[in-house]
1. Going residue by residue through segment 216-227, is there one that turns out to be under 17 Å from residue 85 (Cα atoms), assigned to a helix (DSSP H, G or I) and touching a helix residue (DSSP H, G or I) at 6+ places or on another chain (Cβ under 8 Å)?
2. Among the residues of segment 118-128, are any touching a helix residue (DSSP H, G or I) at 6+ places or on another chain (Cβ under 9 Å) and surrounded by fewer than 22 Cβ atoms within 10 Å (Cβ to Cβ)?
3. Go through segment 11-49 and count every residue that is more than 24 Å from residue 110 (Cα to Cα) and in a helix (DSSP H, G or I).
4. Report, by residue number, each residue of segment 58-75 that is outside any helix (DSSP H, G or I) and either at pLDDT 85 or above or exposed (fewer than 13 other Cβ atoms within 10 Å of the Cβ) (or both).
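The values are calculated or read from the model by the stated rules, or taken from the named source; none is laboratory data. What you see is a predicted model, and the numbers here were worked out from it, not measured in a lab. Neighbour counts are summed over all protein chains in view; Cβ atoms, including those assigned to glycine, are modelled from backbone coordinates with ideal geometry.
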């Protein structure tokens, strides 16, 4: 069982004034509660609440910070940022696996590394902050954790969409042909960081790119090859 001093360290890490008793609730896995009969209950309700706060915060940030982006781009960006792989990675950055209270069976079966469990703990933590400190504090925490990911996704969308379009026009002008893409899973990435590799060919010239989705990988490959062919 995690000591209060460890939760105090976590409270400092997330830069939020919050009671240690409340903080602990974010990490009570249902397997632990069922096995030990903890009357406080699991973190599932907090996860439900945190998910709603997360969605609203990311939506509000996207809406206010990217006024020139249409609904389609904002929706795609949000779906990436609040996805399980991203939330799991954030949980790992904050060392949240160390704070989980798991049942013996769940512990033995690798529950501390399970991506769904870690993403849920991250959302439950948001729920606790919301209950203890209110929406503004919870939103501040969410933005502090996900701002870089949001900005990166929006930047990639803008740049890569342009490069795919530019490459197609360049290929037509130089070689009177269209780019050919092939995409495969990137086996070098971890389960919670699943990605893809795209390879592109234009009249014997080739490029390669990686991304969290097939489209992002294709777009990264298009950028690489476009910059090469632009010198022709």
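1. We begin by selecting, within segment 216-227, every residue under 17 Å from residue 85 (Cα atoms); these are 216-217.
Next, from what is left, pick out any that are assigned to a helix (DSSP H, G or I): 216-217.
If we keep only those that are touching a helix residue (DSSP H, G or I) at 6+ places or on another chain (Cβ under 8 Å) too, we end up with 216.
There is at least one residue in segment 216-227 that is under 17 Å from residue 85 (Cα atoms), assigned to a helix (DSSP H, G or I) and touching a helix residue (DSSP H, G or I) at 6+ places or on another chain (Cβ under 8 Å).
2. So in segment 118-128, the residues touching a helix residue (DSSP H, G or I) at 6+ places or on another chain (Cβ under 9 Å) come out as 118-128.
Narrowing the set further to residues that are surrounded by fewer than 22 Cβ atoms within 10 Å (Cβ to Cβ) leaves none.
No; the residues of segment 118-128 include none that is touching a helix residue (DSSP H, G or I) at 6+ places or on another chain (Cβ under 9 Å) and surrounded by fewer than 22 Cβ atoms within 10 Å (Cβ to Cβ).
3. 7
4. Initial filter on segment 58-75 (outside any helix (DSSP H, G or I)): 66-70.
66, 67, 68, 70, listed by residue number.
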